[in-house]
Amino acid sequence: MSRMKKSIMSLCFAICILLGLETFVRTTVPFQPNLDGVSLPPDPDLLWRQPYGLRETQGVQVRINKLGMRGPELRPKASDECRVVSIGDSSVFGFMVAEEESYTAVACQSHQCTPMILASPGYSTVQSLVWLERIGAELEPDWIWIGNLWSDQSIVGFQDKDLVRDYSVFRRRWQWRMLRIFRRSALFNQLRLFFIGDTKHQHRDVAWQNGWNQSDKGLPRVPLKNYAINIAALVTLSQSLGANVAFVGLAKQSEMDGAHDELAEQYRTVLKNAADIANAPYIDAKTVWQRSKQPSTALFADFLHPSAEGHRLLGEALAEEIIRAQGCD
């Protein structure tokens, strides 16, 4: 047998072994973190991502497209189509409510726009900024609604800037192009974790998983100063994509019942200031919900996440802002 044939056979044998190992790891090794009852695959620059496909969580059907977004697959944009992209964490994602009940979908139902939920449980502005940088141009948005709040201000023992620090520069280098080939490989991620370790796979609880496990010690996942920088960057990026921006300042159930949350107020103030600077709409959830005169139990699915009714009220308020701004006409 010639040396060439031996080399080809060896290569084929090695490929078969690697494919077998990849299959084994994917089917037997659990991924972390575990959010809302499903193990989420790691992602080298988003830390974790929503798994593709259809699943049920908290009694609600959740479908994730190939871009990692909740909703249908992306299709070519029609000439008269208006696209609304909402970014944020679990409340924007529509945790514990159906996809069509999310405030993004509600707003678009009344205004005939296309809702796109660029949100995931546990995502902070750090992850939202990276994600929008990655796929924003593909989405061709007309509006981008920024609703990040709870994951940024939660105090849970880690900071996002530390977790993604290496990748914030690395993504723009030639090595990143090579890493893209491997980043979706379960085998590659497990080998990297085993041999060199990776803090991105540690401390993955987010606040709402444990009944809002905040404390008065330590810094938030995204400190207020960094949060303001990230919000400004999201506005700049949105405008570079040709999209109008709007802001959603969410609130907890306890706040609707009269409690004062100083930290939440500080973060919402950043959103309000960003809206003023950008001359953009700001929807204050607390004001919207108070005007409805409904009890907090009707507005929340739990202590933090809006119910279908809470989403409906927000969606209607956002739809009014689109009409007022004469966008998507």
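The values are calculated or read from the model by the stated rules, or taken from the named source; none is laboratory data. These numbers were taken from a predicted model, which means no experiment stands behind them. Ideal geometry is used to build each Cβ from the backbone, glycine not excepted, and the neighbour counts take in all protein chains shown. Quick note on the areas: whole protein, heavy atoms, side chains included, nothing else; ligands and nucleic acids left out. Shrake-Rupley method; radii C 1.70, N 1.55, O 1.52, S 1.80 Å.
Could you put 66, 5, 286, 77 in order of accessible surface area, largest first, with the 1.4 Å probe and the full protein assembly present?
Working: 66 150, 5 125, 286 40, 77 60 Å².
From most exposed to least exposed: 66, 5, 77, 286.
Using a 1.4 angstrom probe and counting only protein chains, how large is the accessible area of residue 276 in Å², to 10?
Probe radius 1.4 Å; accessible area of residue 276 about 120 Å².
Report the local net charge at residue 234: Lys and Arg +1, Asp and Glu -1, summed over other residues whose C-beta lies under 12 Å from its C-beta. Numbers along the way, then the final one.
Numbers: positive: none; negative: 133, 152.
Summing Lys/Arg as +1 and Asp/Glu as -1 gives -2.
Between beta-carbons, use under 15 Å as the cut-off and find the net charge around residue 147, counting Lys and Arg +1, Asp and Glu -1.
Numbers: positive: 70, 252, 268, 272, 286; negative: 89, 152, 284, 321.
Spelling it out: positives minus negatives among the neighbours equals +1.
Leaving out ligands, DNA and RNA, and with a 1.4 Å probe, what % of the accessible surface on region 232-304 is carbon or sulfur?
C and S fraction of accessible area: 49 percent.
Going through the cross-link list 252/272; 225/286; 272/293; 225/272, which pairs have a Cα-Cα distance over 21 Å in this structure? Please list the in-between numbers first.
Values: 252/272 17 Å; 225/286 24 Å; 272/293 23 Å; 225/272 15 Å.
Distance filter (> 21 Å) returns 225/286; 272/293.
Considering only the other residues whose Cβ falls under 13 Å of the Cβ of residue 259, what net charge follows from Lys and Arg at +1 and Asp and Glu at -1? Let's see the in-between values first.
Numbers: positive: 252, 286; negative: 255, 257, 261, 262, 265.
Surrounding charge for residue 259 is -3.
Give the relative contact order (percent, whole number) for region 263-329; include only Cα pairs under 8 Å separated by 6+ residues. If you can, show how the numbers build up before the last one.
On the way: 34 pairs, mean separation 15.5, N = 67.
So the answer I get is 23 percent.
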